[in-house]
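To keep things clear, I will list the structure first and then write my remarks on it.
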Amino acid sequence: MTEVPSQRGFASEIREPEAAGSFRSGGSTEPGGSYEATARVVDAGGTDDDRVVEAALRPRRLAEFPGQPRVRDQLGLVLEAARRRGSPPDHVLLSGPPGLGKTTLAMIVAAELDRPIRVTSGPAIQHAGDLAAVLSSLDEGEVLFLDEIHRMSRPAEEMLYLAMEDYRVDVIVGKGPGATAIPLELPAFTVVGATTRAGLLPAPLRDRFGFTGHLDYYDVADLVTILHRSARLLAVDADEAGISEIAGRSRGTPRIANRLLRRVRDWAQVHGEGHVDHPAARAALALFDVDDAGLDRLDRAVLEALCGRFGGGPVGLSTLAIAVGEEADTVETVAEPYLVREGYVVRTPRGRSAAARAWRHLGLTAPSPGLQQDALPLETGSGSGQEPGTSGRFGR
């Protein structure tokens, strides 16, 4: 749990680690995840290195926040109305994939209200007592930011229901038949919740948020604006062509864009003349295995296995993972989301199949549907089109 003080002079507080060619994701991103993701420069999950730099690069006001125009305008309306009423705004829920700015918007909410912000996360609150300790220390109008709110424990969720609606919590004193519930009144405050899995939030918790905003992936033009601002704050000498090249390979994610900018800057300082231009960007991103479409080694390995070894599929997840030398969880959770979203891979009950875009990206010609079906490399043994021991859900 962290209380964030007023942030001034942030451009001078950047402390960046030495340049490295890899980044660790910090392991599984969801409960039950058993893998530790391999280092990927295009991983949208934040690393410790990223958080140090992002704290200095975050915009401080809604007017400075690029992209997400609908969410920005809606949230601005909610905050302005609350300011005019002189009361805390409704609770805010922000959802969307990682790296799109949910934490940044939470910080902006506090800045726009001119109130302090208390930062914690769902995994850090595993008991109702943990949440009670946080809530009881809040001041009037303070903002409580709960990152990955869907990962809170159930007892803590139930306590939060009452706190958000009635601004009170019931503290249980004693045990057994003699236990007593003592109501504790709380000052009015605003909860800002962030989640990458909005569907995992229980309905009673979702209903207590007065405003819900979903963040989508950014356009290249918005990423160019973000990169120009980041280059200025990081004192990176970059031209329009170099910035545009980086933006086009950033998967619509500001976190990835800022990371690639730093890596291109490193390449320009070591192998170039310190200037981030188009040739420097292309050479640096080629070194880090990020191609023109933003795909990295793992992404291309999945496509090459599907198209080159299995005739386009469908093929089961376990077989595909073995073919690329990765764990099945890594392929499903790290590589597939972007490949499916961008139309390279199709998930079906029989397994994974390569879409026409995958064949084009590899410079190959897709076989006719009949030939593709005749070459199914599934390990069935049962005639069901599934791998042995699988549940049949997406051919896992």
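Please treat every number below as a calculation from the coordinates, not as lab data. Note that the structure is predicted; figures quoted are calculated from it, not measured. Neighbour counts run over all protein chains shown; Cβ positions are idealised from the backbone, glycine included.
Here are a few things to note about the model shown:
- Stokes-Einstein translational diffusion, the range 283-339 - Kirkwood Rh over all Cα pairs, 0.692 mPa s, 37 °C, in µm²/s: 281
- Residue-wise HN-Hα couplings along the range 73-86, as the Karplus relation 6.51 cos²θ - 1.76 cosθ + 1.60 with θ = phi - 60° gives them from phi, are 5, 5, 5, x, 5, 4, 6, 5, 4, 5, 4, 5, 6, x Hz; Gly and Pro carry x.
- Under the simplified labelling scheme, the Val340-Arg229 pair shows an inter-label distance of 3.2 nm, with each label point 7 Å from Cα along Cα→Cβ.
- For the range 220-287, the spread of Cα positions along each principal axis, largest first, Å: 28, 24, 18
- Computed from backbone phi with θ = phi - 60° and the Karplus coefficients 6.51, -1.76 and 1.60, the 3J(HN,Hα) list for the range 88-94 is x, x, 4, 5, 10, 10, 10 Hz; x is used for glycine and proline.
- In order along the range 302-315, the phi-based Karplus estimate (6.51 cos²θ - 1.76 cosθ + 1.60, θ = phi - 60°) of 3J(HN,Hα) comes to 5, 5, 5, 5, 4, 7, x, 9, 10, x, x, x, x, 9 Hz; Gly and Pro are listed as x.
- Cut-off under 5 Å, modelled amide H: who pairs with Leu93 long-range: Gly193, Phe211, Thr212, Gly213
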